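Bear in mind that the values in this text are calculations on the coordinates, not laboratory data. Predicted model only: the values in this text are computed from it and were never measured. Note that we place each Cβ from the backbone using ideal geometry, even for glycine, and neighbour counts take in every protein chain shown.
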Amino acid sequence: MKKHLGKIIIGLFVVAFLVLCIILAPITEAVGTLWSLLPPVVAIGLALITKEVYSSLFIGILTGGIVYAASSGTGFEGMFTSVIKEGLISNLADSYNVGILVFLVVLGVIVVLMNKAGGSRAYGEWAASHIKDRRGAALSTFLLGVMIFVDDYFNCLTVGSVMRPVTDKHKVSRAKLAYLIDATAAPICIIAPISSWAAAVSGTVDGVNGISLFISTIPYNLYALLTILMVVFISVTGLDFGPMRKHEENAANGDLFTTRNKVYEDDDQPIRSKGKVIDLILPVVILIILCVLGMIYTGGFFSGTNFIDAFAGCDAAYGLSLGSVAALVVIIIYFICRGVLKFTECMDSIAAGFKQMVPAILILTFAWTLKTMTNHLEAGAYVSGLVQSATAVQILLPVILFMVAVGLAFATGTSWGTFGILIPIVTSVFSTELANVSETGVIPQMVIVCISACLAGAVCGDHCSPISDTTIMASTGAQCDHVNHVSTQMPYAFTVAAVCMVGYLIAGFIQNVFVVLGISVVLMLVVLFAIKFVVGRKKN
């Protein structure tokens, strides 16, 4: 009974949520009501109960189709239209989504090429002589994630590909690797002024310099900053708690996966013994340079736009696809000229790379379709109405916005969509104060705090949502079972979120970044040391 207690609680929550939906509104009025959040609740609940992500996401999609058809009165035909035509087909026909899939597949091909050429093996041997223990492997993963800050997708897949051989050698579990990747993807990008995330945020507020506003929010972005602090702490001290502790104990005994270790197939291609470290480092450098060039190209950099504005106006999916395809061509030529791979071997790697990315493609496609269902049911409008009704108490607004952003991003799996919904609400609440910004040039502190709370909550919810693109990419980069990654990461993310709630509660009363950030950092350290003490007593 105790073993299944968590599953029973999650199941009861899903049932209670359904009953609440029925009580608050009939299904014929589902659009723009609590019903709009039922599909992601069902999908996430089933994923955590069954530990099977494909069927859980698909059942969530069907739930959305049924609710939408019942509310619109279109019957079975409407359900199939919304699920198949407006869901699966539309998302696979969307140019942005296809661009991400192209980038995903090309990166998979590049990883196979590096493995086959012996670059990954050589790098693993080099790292073994320089990185002596699990602590060094974890810190190295964190530092590489910090350095690749331009885009979270790019970060997840590149860091995973490079560090996986190193963490495997030092018996770091795949779940822990996935957490390290995920914790240095969105949390790093959301505080990096030159990133695709900065570009997304800078365009959400009219009449204010977007980049200046984004930079102003960085010190108040408590979730991102405290997550970085937590990653460093657990890497240095070796602290593990929750389900992650079991995964790390198993990894120390040789089991890196704990469960479902064949979700991503091993690359069984022959490896060249004459491969060198440069055969991994140079392809990664080429990929980074060309992807950055591709992003600023789509933003008009080569047409006269300055670098920052080019990033702000870039098409991330097109830029990453353009850069990765160009990098693939250059890398194939490099390996052939080096004599480590033949042309036919390079061509065989294309199919092998695609095959390795099939699980991620399936999960992403289902996740995008589930988001389409929630959009049809106007989940964003429903949450927007709830927030606007709570704006009367401005002192509590930062913590309210943070909690709402966490819930919305967790349910919809999109951080960009979350702050895209909530930031306009903030600007409408403070419209009078923002009207004077063009004259004074000073953005009110309360506005900065509230926007920071939206961004932090969006990243937090996105960080632990099973249907988030970034969470899926982190699982893919680590080649970790997706449900394992989500279940082990949640306690870590919610620990930071709890401290953030206290921080934003203080920020509502004291709009002083040194006080708010200082108290939050001290509280985070106190919580971590307390957890370490409790875990240590249990071990003893």
Please sort 74-84, 281-291, 224-234 by packing, taking for each peptide the average over its residues of neighbouring beta carbons within 10 angstrom, highest first.
224-234, 281-291, 74-84
Rough spin-label spacing in nm, given labels placed 7 Å along Cα→Cβ, for I336 and D255
4.6 nm
Among I423, H463, C450, whose Cα sits farthest toward the positive end of the charge dipole of the chain (+1 at Cβ of Lys/Arg, -1 at Cβ of Asp/Glu, about the Cα centre)?
H463
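Go through segment 295-378 and name the trypsin sites (Lys or Arg not before Pro) that are in a DSSP coil and have 13 or fewer other Cβ atoms within 10 Å of their Cβ.
Answer by residue number: K342.
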Would you mind checking the tilt of helix 513-539 against the longest principal axis of the Cα atoms of the chain, expressed as 0 to 90 degrees and rounded to 10?
60 degrees
From Cα coordinates alone, what are the radius of gyration and Dmax values for segment 22-130 in angstrom?
21.2, 66
Roughly what angle does helix 119-130 make with the longest principal axis of the chain, taking Cα atoms, 0 to 90 degrees, to the nearest 10?
80 degrees
What is the sum of charges, Lys and Arg at +1 and Asp and Glu at -1, for the other residues whose Cβ falls under 15 Å from the Cβ of S129?
+2
Sorted by packing (mean other beta-carbon atoms within 10 Å per residue), highest first, where do 470-476, 57-63 land?
470-476, 57-63
What's the extension gain from N306 to A498 if we count 0.36 nm per residue and subtract their Cα-Cα distance?
65.1 nm
Charge dipole (the chain, unit charges on Cβ, about Cα centre) - positive-most of N484, I131, L370:
I131
Can you check how the C-alpha radius of gyration of segment 95-194 compares to 2.2 N^0.38 Å, as a plain ratio?
1.10
In Å and on Cα atoms, what radius of gyration and Dmax does the chain show?
23.1, 69
Quick one: which of K171/K538; K7/K85; K171/K342; K7/K355; K169/K276; K132/K342 span more than 28 angstrom between C-alpha atoms?
K7/K85; K171/K342; K7/K355; K132/K342
